[in-house]
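Below is one structure, written out as structure tokens; comments come after it.
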Ligand code: AMP
């Protein structure tokens, strides 16, 4: 009997080599379908699902990659302990209606080594780079490679990583790629905490503190909008973060060019980032 699939049973293709990926995507492209791509590092949550929903609005087929990219981690960072749950991820992707999951390994991503001809541009200056100097070159390295492999019409990135989104836009323009880059709003929990795979590291006590981050950020953005000098608002926000229990603040910074306040702060071993338009 021919039973219709429910959304839960809707099949998702899963490939792990660039050859299989190209074959699938080429077939769709030849039949005139538009392809949207969502790169991720897995440990998927509702933030990732909102990117997939956005991708489905813009394209006929949605490709999602899951790859914890070693080149964007420094040796002392959390590459080894980064949460990994491919089975759970695939189930979520299927429910969200993604069409193809791509889970390459290092040999598939870096067949000739980790060197990259493509580097991050001027959007990478400052903020994250002051604290994670390797980070954006690593991101650009892997995203450029993924773009070459998937060859999507559009790619979706979260505004959660706002500086990253600007770095990707700049890379796409510099490399003259015809890929539309779409920024998706930050998905938050019911307390306003930006969803992140790294939130899984937080203890119950740390989670309570983490939920103050967005409120302090919003206040800084509001104060700047009301005419308070950005330096004063930044300083006050930094002080508030430390007072409410954050262990270290990498930056709270108003970036005039983007009219936005961006923050990175540590709770124990966990580094959280967030940002808000003014
Ligand atoms: P990641 O798996 O953390 O590398 O993130 C993959 C993509 O999901 C990136 O484009 C992120 O900006 C995006 N993303 C992660 N968390 C969120 C969130 N809370 N809201 C919106 N996008 C997000």
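Taken together, the values in this text are just the output of simple stated rules run on the coordinates, not laboratory data. Keep in mind the model is a prediction, meaning the values are calculated, not measured. As a convention, Cβ positions derive from the backbone with ideal geometry for all residues, glycine included, and neighbour counts pool all protein chains shown.
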Ratio for segment 163-250, C-alpha Rg to 2.2 N^0.38 Å, reads 1.37
For 117-129, 89-101, ranked highest to lowest by mean beta-carbon neighbours within 10 Å, the order is 89-101, 117-129
Here FRET efficiency (C-beta to C-beta, residue 26 to residue 119, R₀ 35 Å, nearest 0.05) is 0.75
Checked segment 55-195 with the C-alpha gyration tensor, a ≥ b ≥ c its square-rooted eigenvalues, rounded below a/c of 1.5, otherwise prolate if a/b is larger than b/c and oblate if not; verdict rounded
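Which length gain, in nm to one decimal place, applies between residue 219 and residue 205 when the Cα-Cα distance is subtracted from 0.36 nm times their residue separation?
Taking 0.36 nm per residue and subtracting the Cα distance, the gain is 2.8 nm.
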Quick P(r) readout (segment 32-90; Cα-Cα; 10 Å bins; whole %) gives 21, 43, 27, 8, 1
Out of 138, 88, 42, a Gaussian network model of the chain with alpha-carbon springs under 10 Å gives the largest mean-square fluctuation to 88
Quotient of Cα radius of gyration and Kirkwood radius for segment 94-138, i.e. Rg/Rh, equals 1.14
Residues of segment 95-133 with backbone N under 11 Å of the label point set 7 Å from the Cα of residue 257 along Cα→Cβ are 121-127
In whole angstrom, largest first, the equivalent ellipsoid semi-axes that the Cα gyration tensor gives for segment 1-117 are 27, 18, 13
Label model pair residue 105, residue 33: point-to-point distance (7 angstrom along the Cα→beta-carbon line) in nm is 2.8 nm
Hits in segment 44-66: amide N under 14 Å from the 7 Å Cα→Cβ extension of residue 85, namely 44-49
Quick calc: nm separation of the 7 Å Cα→Cβ label points for residue 244 and residue 76 -> 2.8 nm
Kirkwood-based Rg/Rh on the Cα set of the chain evaluates to 0.98
